[in-house]
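To keep things clear, I will list the structure first and then write my remarks on it.
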Amino acid sequence: MSRHVWQDHFRTDELLSVNADEGVIVPVISAPQDFNEEQLYIDLQSIFGHALFLKCEGFNFAGSIKLKAAAAMVKAAERDGILTPSSVVVESSSGNLGVALSMLTANKGYQFICVTDSRCNLSTRRLMEALGAQVHIITESDAEGGFLGARIGYVRALCASDERYVWLNQYANPNNWRAHYGTTAPAIARQFPRLDVLFVGAGTTGTLMGCARYFRQWHRPVRIVAVDSVGSVTFGGSSGRRMIPGLGTSVRPQLLDESYVDEVINVEEADTIRACHRLARRGFLFGGSTGTVVSGAMGWLIQRDARALTAVAIAPDLGERYLDTVYQTNWVQDLYGDDVLRSGDELAAGTRSV
Ligand SMILES: Cc1ncc(COP(=O)(O)O)c(C=O)c1O
């Protein structure tokens, strides 16, 4: 009987497994952060007509890639004595890091305050509250017109008011990118030893910088393509309306070092919506940022007719949190117009990157 050790399904060193009747070692965990599916890819050839392997990061108890950053930041803060049993963790998040921290702090017994803004999905907010977090919602943008600056200002004021508050600061914390340098990137490298190009969405740029740093010192050159939303200032664009959380910023992320990035693609949110719906029509319900990354990556690959390249893109989460937005017809039509999902138009998804 063959025995499989599903090491890549976990993210910690302290794994628990049991030998089931068939002789297969199955995962058994006692903390939610101890499980993460690291080996699942979708071949998008049959959906978009061009090969692209989509790494699915939504299969863990936090439902997103942000579990890795959250776990690494908490672990480092505990190790460095910054987090103590009386600490109250505070973080600014558009949602997914907030959910991951809600889960981790619930498990570890810390209090947690998530500072988010009015673009945070209702279901994401409810999820955090169900896990015992307090959610503070910022409804006014700052003087520069961004919510992020306003959220960060609020977090700073909270921390100044009480020394028990600990801000992990995902925008500047190196453990954010180190999480991906140690897990996401090596997992892709193991699966695709002949990888040519990697497409990574940019929010805090933790995923991007961790993967880019890892592949910079790999055995073969890998083209690192950052995917961002139109209206984001991350790579120097001008600030504009962005309604889909996850990617894009209104304040340049401190973690970003552009010398590791080969190219940047900016995707219109209407194209994001089209890519999400196109995937959903084939039974794959993904979050908004996955639509952005897939749209940008497909445009890049099709423009270059890059059939010989091995290409991977990262899907940060799944679609259930977006049922009231990306997958809600009125929301989509009010924001992007009646024709955005017109039959046939969706075929344009991915071909209008700038
Ligand atoms: C859905 C989603 N996609 C993408 C990202 C961006 O990841 P990163 O912050 O590592 O750049 C995030 C970050 O919160 C996210 O929630």
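Observations on the structure shown:
- Accessible area per residue for the chain is 42 Å², calculated with a 1.4 Å probe on protein heavy atoms, without ligands, DNA or RNA.
- From largest to smallest, the equivalent ellipsoid semi-axes obtained for the stretch 142-186 from the alpha-carbon gyration tensor read 27, 16, 5 Å.
- Measuring nothing but protein heavy atoms, the accessible surface of the chain at 1.4 Å probe radius is 49 percent carbon and sulfur.
- Radius of gyration and maximum dimension Dmax of the stretch 230-299, Cα, Å: 12.8, 38
- Dividing the alpha-carbon radius of gyration of the stretch 123-278 by the rule-of-thumb value 2.2 N^0.38 Å gives 1.15.
- Here the contact order of the stretch 73-164, divided by its residue count and restricted to Cα pairs under 8 Å and six or more residues apart, works out to 26 percent.
- Using C-alpha pairs under 8 Å with a sequence gap of at least 6, the mean separation divided by the residue count of the chain gives a relative contact order of 16 percent.
- HN-Hα J in Hz across the stretch 113-124 - Karplus 6.51, -1.76, 1.60, θ = phi - 60°, x for Gly and Pro: 10, 9, 9, 10, 10, 5, 7, 5, 4, 4, 5, 5
- Here the sum of -39500 (n - 2.57) over DSSP H runs of 4 or more residues, divided by the residues of the chain, equals -10000 deg cm²/dmol at 222 nm, to the nearest 500.
- Highest average packing first - 331-339, 46-54, Cβ atoms within 10 Å: 46-54, 331-339
- Longest exposed-site-free window of the chain, the sites being GluC sites (Glu not before Pro) in a DSSP loop that have at most 13 other C-beta atoms within 10 Å: 164-354
The values are calculated or read from the model by the stated rules, or taken from the named source; none is laboratory data. Just so it is clear, the model here is predicted, and its values are computed rather than measured. Reconstructed Cβ throughout: ideal geometry from the backbone, glycine too, with neighbour counts over all protein chains shown. With ligands, DNA and RNA removed, areas are computed over all heavy atoms of the protein, side chains included. Shrake-Rupley method; radii C 1.70, N 1.55, O 1.52, S 1.80 Å.
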